[in-house]
Amino acid sequence: MNNEIIIWETKYETGIAVIDTQHKQLVNLANELYGACLTKGDHVEAAFRDAMKRMVDYVRFHFDAENKLLAAINYPEATNHKKMHDTLIKNIIDASKEYSEGKKFVPNNFVRTLVDWVFSHIAFYDRQYSLFAVEKLRTGSLTHEKLKEIEKSIA
């Protein structure tokens, strides 16, 4: 049985090394969360809660780093991008809380929805700021040295 719900593909790359590294970690955590859903026996709830906590913590860390990047490159859609991040975090926390309160919740379906959202976000919206950064590099309004500085500050 395959415990991977998603496999990293080059189509998810932004070309910004620190962000790509963080996105790869999100893939790993999504696969861990999915694996926890497949856990059998008495340990399923503990495995899911542990994986969910790691996912929430890392998503928050990553979104904070990404928001700092967008501010540093003066991305014009930064506010809207942050709103999307905030909505996802709220949805994750709400779903986790409902699960903790014993409401009917299907972890496997939740993980699939989470993965769909995160990776459609990466493939489209993160691609947009990536193209914006590339254009700034092309025109010289952002240097490779400055981008490396920004990457170091958000790693």
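A few remarks follow.
- Projection of the Cα convex hull of the stretch 1-64, averaged over all directions and equal to a quarter of that hull's surface, yields 4.6 nm².
- Secondary-structure-derived ellipticity at 222 nm for the chain, considering helices only, amounts to -24500 deg cm²/dmol, per-run term -39500 (n - 2.57) for DSSP H runs with n ≥ 4.
- A crude spin-label estimate for the pair D64 and E45, with each label 7 Å from Cα along the Cβ direction, gives 3.1 nm.
- Reference-scaled alpha-carbon Rg (2.2 N^0.38 Å with N residues) for the chain: 1.13
- Here's the list of lysines a cross-link from K11 could span, going by alpha-carbon distance under 16 Å and ignoring same-chain residues fewer than 8 apart: K24.
- Convex hull per residue volume in Å³, alpha carbons only, for the stretch 36-89: 65 Å³
Computed from the coordinates by the stated procedures, all read-outs in this text should not be read as laboratory data. Note that this is a predicted model, so its numbers are computed, not measured. Cβ: placed from backbone, ideal geometry, glycine included. Neighbour counts: every protein chain shown.
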